[in-house]
Amino acid sequence: MGFTITEESCFNRLICFTIHIRKRTHRCLVSIMTENVCLTADKIRSLEVQGARNVAIAAVKAIEAMAHGTKAKNRESFVKELSEAKTVLFAARETEPLMRNAVKWIINRVEDSDERGVEALGALVSSSSRSFQKKLEASIENIAEIGSRRIRDGMVIFTHCHSSTSSHLLGKAREAGKTFEVICTETRPALQGRITAREMVELGIKTTMIVDSAARSFMNVADMVIVGADALTSEGNIINKIGTSNIALLAYEARKPFYVVSELLKFDPNTLCGDYEKIEERSPLEVWTEAPENLIIRNPAFDITRRDYIHGVICEEGVISPHSIVEVMHRRYPWVFH
Ligand code: RUB
């Protein structure tokens, strides 16, 4: 099921180390700023930067900083630097297509340009990174605007983990003067539910936090479930924090609508070619630091919720059926398929 965190960080360190060695051998070929990329990758891996959107933004900012401080002497070495940064960032977390799409988009713009000068290419990376961030900003506003219309006074909204997109939507509904309550899970093992709980309380929303295993007991009092997403697949399934699929089943059993709020760029085009989205498996130490020897602990970070349990995907195109994701992607972001 992919790397454990220990193997994964070793893998990342190995890449950074390889870059470092190459840097010493071919002085000036690789910029010192690549270390900044390694630092960002570390923050992403350790969850200091958490949630698909924040991960993608941190990655494009790291690429931008690298391009800004590049010591590359020509186009070829600049492109090579970008490609090395991409490898380091992609390895930081496996289940993050938004980050992959964002970085690929920037690199494609460089590769497609006729510019030869490193300075001009650096400027192109900067403008691309900023324009990507602006697009993300516009998307989250759009999603919040659309999604908040589904929230009515007196509703109880159930949510899981921490999604900046869901929180923004709930904040928007609150801003519109709607009165509703939130139930959030604590989200073992990394407890991201506490981030959601804090945000909701700060927004003045009546909030109840429950342990993950209490989800079924509280589903009956909920009116609607809203969760974020890390990945959207070609079959219309969604991948989000471990436990999301259990909650979707509970919502189905209790006949409560289950909505996913997500930028469309979380779509993984490789799923169309038959690949499965990889599910990151994290360190067992996140689950139990002093576990008995020989105990096997599994700690997958995400799970797959089948489209059959998803009422709708609230995205920048509106509230869409999970079945139509590929079609909408073709229309809105054709470059993802290239
Ligand atoms: C976070 C998580 C979030 C999605 C969407 O997991 O599963 O629901 O990433 O977040 P982790 P956003 O804490 O392991 O990164 O809406 O902010 O993109």
Can you work out which of the residues in the stretch 143-157 that are outside any loop (DSSP other than H, G, I, E, B) and out of contact with any His (no Cβ under 7 Å at 6 or more places or on another chain) is nearest to residue 265 (Cα to Cα)?
143
Can you confirm whether residue 216 is at negative phi, in a helix (DSSP H, G or I) and more than 11 Å from the ligand (Cβ to nearest atom)?
yes
Evaluation of residue 94 against (1) of a type outside the set (Ser, Thr, Tyr); (2) out of contact with any helix residue (DSSP H, G or I) (no Cβ under 7 Å at 6 or more places or on another chain); (3) part of a helix (DSSP H, G or I) (one fails), failing number
(3)
When residues of the stretch 251-267 are filtered for being part of a loop (DSSP other than H, G, I, E, B) and either buried (at least 23 other Cβ atoms within 10 Å of the Cβ) or within 16 Å of the ligand (Cβ to nearest atom) (or both), how many remain?
2
Can you work out which of the residues in the stretch 285-308 that are away from the ligand (no atom under 16 Å from the Cβ) and not in a loop (DSSP other than H, G, I, E, B) is surrounded by the fewest Cβ atoms within 10 Å (Cβ to Cβ)?
308
Among 172, 86, 71, which is of a type outside the set (Gly, Ala, Ser) and out of contact with any helix residue (DSSP H, G or I) (no Cβ under 6 Å at 6 or more places or on another chain)?
71
Can you pull out every residue in the stretch 239-286 that is aromatic (Phe, Trp, Tyr) and closer than 20 Å to residue 193 by Cα?
258, 259
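Each row is one residue, and each column tells you yes or no for (1) within 15 Å of the ligand (Cβ to nearest atom); (2) of a type in the set (S, T, N, Q); (3) without any contact (Cβ under 8 Å) to a residue 60 or more places away in the chain.
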site: 55; (1), (2), (3): yes, no, yes
site: 75; (1), (2), (3): no, no, yes
site: 84; (1), (2), (3): no, no, no
site: 87; (1), (2), (3): no, yes, no
site: 91; (1), (2), (3): no, no, no
site: 94; (1), (2), (3): yes, no, no
In the stretch 41-50, which residue that is surrounded by fewer than 23 Cβ atoms within 10 Å (Cβ to Cβ) and in contact (Cβ under 8 Å) with a residue 12 or more places away in the chain is farthest from residue 123 (Cα to Cα)?
47
Please go through the stretch 148-199 and pick out each residue that is among the β-branched types (Val, Ile, Thr) and within 13 Å of the ligand (Cβ to nearest atom).
159, 165, 185, 187, 195, 196
Looking only at the stretch 98-120, count how many residues are touching a residue at least 24 places away in the same chain (Cβ under 8 Å) and either closer than 29 Å to residue 231 by Cα or buried (at least 22 other Cβ atoms within 10 Å of the Cβ) (or both).
12
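Rundown of residues vs (1) at pLDDT below 95; (2) assigned by TED's automatic domain parsing to the domain that holds residue 269; (3) in a helix (DSSP H, G or I); (4) not small (Gly, Ala, Ser), yes/no style:
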position: 20; (1), (2), (3), (4): yes, no, yes, yes
position: 27; (1), (2), (3), (4): yes, no, no, yes
position: 35; (1), (2), (3), (4): yes, no, yes, yes
position: 54; (1), (2), (3), (4): no, no, yes, yes
position: 58; (1), (2), (3), (4): no, no, yes, no
position: 67; (1), (2), (3), (4): yes, no, yes, no
position: 98; (1), (2), (3), (4): no, no, yes, yes
position: 101; (1), (2), (3), (4): no, no, yes, yes
position: 107; (1), (2), (3), (4): no, no, yes, yes
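The values are calculated or read from the model by the stated rules, or taken from the named source; none is laboratory data. Just so it is clear, the model here is predicted, and its values are computed rather than measured. A quick note on method: Cβ atoms are made from the backbone with ideal geometry, for glycine too, and the neighbour counts reach across all protein chains shown.
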